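J.: The structure that follows is given in the form of structure tokens.
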Amino acid sequence: MAGLEQQLEQQMEIIRRGTIEIIPGNELADKLRSSIKNGRPLTVKLGLDPTAPDIHLGHTVVLQKLRQFQDLGHKVVLILGDFTARIGDPTGKSETRKQLTAEQVLENARTYERQIFKILDPEKTSVVFNSRWLSALSFTQVIELAAKYTLARMMERDDFARRYKEGLPISIHELFYPLMQGYDSVELESDIEIGGTDQKFNLLMGRTLQKEYGQAPQIAITMPILEGLDGVNKMSKSLGNYIGIDEPPREMYGKTMSLPDDMMLRYFELVTAVPLADLRAIETGLNNGDLHPRDVKMRLAREIVTQYYGSEQARAAEEEFVRMFQRKDLPDEIPAFKPAADMGDNVWLPKLMTAAGSAGSTSEARRLIQQGAVKVDGIKVDDPNINIKLSAGMIIQVGKRKFFQIAI
């Protein structure tokens, strides 16, 4: 019995890592105790709606938790919500989402599958599409599902309540989103569901519906929303404060090194697999001055790049970072860009940057130039209206990590 309780506490310590809430914690302990005693893995569910094609580190917080469950011997079921994504999660939205086509959803889903297995063990992961059961429901069954929850309870959601108060439209189909996500839990008979703090209402819906269908209710585990590289706002591609897990190793490493020092431990805890004992040692070392923040951040960058590209690529990215930013050298390899013939040899710089892929638009390029983030052959340019006379070998630097070389 002592061995069982020791195993239980070891599992609970790992599961508690980085979590915001475990609802309810005593039921999780009971489920784990039964799992250990009977040798029955728990079914841990995560639902992802493939509404966008790429994943950044902010999305991986819940995936890291799933991997921890896998390492503890539990069964992970990843639901790609091809059916629910057609609606789009209304959580946090001030207006009805634009519905995606089936083709868009499936294309995004294929990209998700490729990216998530950079973290999850594919041998221990079941991937299912919720259209398999949701599209098969008859209208009678949909009515029966809707009858298990009240409108008053649904309107307790902050986003719905706010939109209703402000006179903004709420489409009827949006009310079905949490019901469908909850029904996924019924279909899987899940023991645990994981999600961000913004998913709490949807996770608790799963508990409610499982009770209504005569099942043992799942445990809801909420994970924090990861701040981006600015250390303030939620990681987001639109804010430009993100690290994409498909980005090149040197870009990933360099971006991590730009993280504020006070965010390092949070990133170690939420987006790496560094053991808890190491995290405590790092925190102690930083607090007593035994560890230099720069060295700790370099380890963080190595850990992140290693996870997605391996140790050799991480070492190469670190060597290049040291060479570029500590020794002020240029990178060994600079991508070549050959301007289209119709651009001529005297080109508006924002247009050149956009064509080379260094900026998403000429507006973004103008902003970067005005911020002093652009150099031409090592000389800072601050006039967004400038035209550049192109020459072979000219090097354009955008920010600290983006370079391209003119090929004519």
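J.: Take segment 45-85 and flag every residue that is open to solvent by 10 Å² or more (accessible area, probe 1.4 Å) and among the aromatic types (Phe, Trp, Tyr).
T.: Phe83
J.: Let me ask you something else. From the list Glu312, Glu320, Glu303, Glu283, which one is open to solvent by less than 40 Å² (accessible area, probe 1.4 Å), in a helix (DSSP H, G or I) and either touching a helix residue (DSSP H, G or I) at 6+ places or on another chain (Cβ under 8 Å) or more than 28 Å from Ile388 (Cα to Cα) (or both)?
T.: Among Glu312, Glu320, Glu303, Glu283, only Glu320 is open to solvent by less than 40 Å² (accessible area, probe 1.4 Å), in a helix (DSSP H, G or I) and either touching a helix residue (DSSP H, G or I) at 6+ places or on another chain (Cβ under 8 Å) or more than 28 Å from Ile388 (Cα to Cα) (or both).
J.: Search segment 348-361 for residues that are surrounded by fewer than 23 Cβ atoms within 10 Å (Cβ to Cβ) and pair each with any residue that is at pLDDT 95 or above and not in a helix (DSSP H, G or I) when their beta-carbon atoms are under 9 Å apart and the residues are at least 6 apart or on different chains.
T.: Pairs found: none.
J.: Here is a further query. Restricting segment 157-187 to residues that are open to solvent by 70 Å² or more (accessible area, probe 1.4 Å) and within 27 Å of the chain's Cα centre (by Cα), which is modelled with the lowest pLDDT?
T.: Asp158
J.: If you don't mind, there's one more thing I want to ask. From the list Arg16, Arg33, which residue is open to solvent by 40 Å² or more (accessible area, probe 1.4 Å) and either at pLDDT below 80 or in contact with a helix residue (DSSP H, G or I) (Cβ under 8 Å, 6 or more places away or on another chain) (or both)?
T.: Arg33
J.: Does any residue of segment 188-196 turn out to be acidic (Asp, Glu), at pLDDT 90 or above and open to solvent by 40 Å² or more (accessible area, probe 1.4 Å)?
T.: Yes; the residues of segment 188-196 include at least one that is acidic (Asp, Glu), at pLDDT 90 or above and open to solvent by 40 Å² or more (accessible area, probe 1.4 Å).
J.: Next up: From the set of residues in segment 30-47 that are out of contact with any strand residue (DSSP E or B) (no Cβ under 9 Å at 6 or more places or on another chain) and hydrophobic (A, V, I, L, M, F, W, C), which is nearest to Val76 (Cα to Cα)?
T.: Checking each candidate, the answer is Leu32.
J.: Still on this structure, I have one more. Among what's in segment 19-30 and is open to solvent by 40 Å² or more (accessible area, probe 1.4 Å) and in a helix (DSSP H, G or I), pick the residue that is farthest from Leu226 (Cα to Cα).
T.: Checking each candidate, the answer is Asp30.
J.: Let me ask you something else. Restricting the first residue to segment 16-36 and requiring it to be within 21 Å of Gly3 (Cβ to Cβ), which pairs with a second residue that is part of a helix (DSSP H, G or I) meet a Cβ separation below 6 Å and a spacing of at least six or different chains?
T.: Qualifying pairs under 6 Å: Leu32/Leu8; Leu32/Gln11; Arg33/Leu8; Ile36/Leu4; Ile36/Gln7.
J.: Taking the criterion of being over 27 Å from Glu21 (Cα atoms), hydrophobic (A, V, I, L, M, F, W, C) and in a helix (DSSP H, G or I), would at least one residue in segment 173-192 satisfy it?
T.: The answer is no, given that none of the residues of segment 173-192 is over 27 Å from Glu21 (Cα atoms), hydrophobic (A, V, I, L, M, F, W, C) and in a helix (DSSP H, G or I).
J.: Scan segment 197-224 for residues that are open to solvent by 40 Å² or more (accessible area, probe 1.4 Å) and within 25 Å of the chain's Cα centre (by Cα) and jot them down.
T.: Within segment 197-224, Thr197, Asp198, Lys200, Phe201, Leu204 qualify.
J.: Restricting the first residue to segment 61-90 and requiring it to be over 17 Å from Gln218 (Cα atoms) and of a type in the set (Asp, Glu), which pairs with a second residue that is open to solvent by less than 10 Å² (accessible area, probe 1.4 Å) and modelled with pLDDT under 85 meet a Cβ separation below 8 Å and a spacing of at least six or different chains?
T.: Asp82/Pro50; Asp82/Val105; Asp82/Ala109
J.: Only one of (1) more than 27 Å from Met155 (Cβ to Cβ); (2) surrounded by fewer than 18 Cβ atoms within 10 Å (Cβ to Cβ); (3) at pLDDT 85 or above fails for Leu42. Which number is that?
T.: (2)
The values are calculated or read from the model by the stated rules, or taken from the named source; none is laboratory data. Owing to the predicted nature of the structure, the values given are computational and were not obtained by experimental measurement. Please note: Cβ atoms are built from the backbone with ideal geometry, for glycine as well, and neighbour counts cover all protein chains shown. Just so you know, the surface numbers come from the protein's heavy atoms only, side chains and all, with ligands and any DNA or RNA stripped out. Shrake-Rupley method; radii C 1.70, N 1.55, O 1.52, S 1.80 Å.
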